[in-house]
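Read through the structure below, which is laid out as structure tokens, and then see the notes.
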Amino acid sequence: ENENQVGKVFQVIYRGHVANLMREGVFTMVYLGLYDILSTLAKEESDKGNDEHALSIMGKIIVISSFTGGLAWVCNYPFDTLKTVMQANRNERISIKNAVQHIWKSGGIKAFYRGIQASTGRAMLVTSTRMLAYETTLNFLS
């Protein structure tokens, strides 16, 4: 009986874990992949003196990380919705397939994106703050 209880505890703790891994994978791939490309281009242009606009490299970091963070959140939001549906079902374990069907039945493709506006705004603020702190620390330590 104790083994059964331990199994139930793990089911509760890891409910929605696969959907969360998909969510994190998509977010990280888009956010860091695009951020690296765009920030490298911005730094190269600054180093060449080709800046037509009076936007500092830190300003560019804020703009680039806000853009890439927002785009990454839009790309991963359906997985976040999926994870939430799987975690919110307290009565029984729900499969990814059943969660997708449940979300689809509640409003089609739009149902996967409910609440995205506020969430994307938060993501843009968090990602720009994170990268500004990261790049500032990196410059300080170099």
_Which numbered condition in (1) open to solvent by 40 Å² or more (accessible area, probe 1.4 Å); (2) not small (Gly, Ala, Ser); (3) not in a loop (DSSP other than H, G, I, E, B) is the only one that ARG90 fails?_
(3)
*Pick from SER66, SER46, SER39: which is at pLDDT 95 or above, open to solvent by less than 60 Å² (accessible area, probe 1.4 Å), closer than 28 Å to MET131 by Cβ and of a type in the set (Gly, Ala, Ser)?*
SER66
*Right, ALA99: without any contact (Cβ under 8 Å) to a residue 60 or more places away in the chain and not acidic (Asp, Glu) or not?*
no
*Among (1) open to solvent by less than 30 Å² (accessible area, probe 1.4 Å); (2) hydrophobic (A, V, I, L, M, F, W, C); (3) under 30 Å from ASP36 (Cβ atoms), where does LEU141 come up short?*
(1)
*Find the residue count for the range 110-138, including only residues that are closer than 26 Å to LEU32 by Cα and open to solvent by 100 Å² or more (accessible area, probe 1.4 Å).*
6
_With over 15 Å from the mean Cα position of the chain (by Cα) and modelled with pLDDT of 95 or more as the only criterion, which of LYS110, LYS97, LYS60 stands out?_
LYS110
_Checking the condition among the charged types (D, E, K, R), touching a Lys or Arg at 6+ places or on another chain (Cβ under 7 Å) and within 23 Å of HIS17 (Cα to Cα), which residue from LYS83, LYS97, LYS105 passes?_
LYS83
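The values are calculated or read from the model by the stated rules, or taken from the named source; none is laboratory data. What you are looking at is a predicted structure, and each value in this text was computed from that prediction instead of being measured. Glycine gets a Cβ as well: all are built from the backbone with ideal geometry, and neighbour counts include every protein chain shown. Side chains included, ligands, DNA and RNA excluded: accessible areas come from the protein's heavy atoms. Shrake-Rupley method; radii C 1.70, N 1.55, O 1.52, S 1.80 Å.
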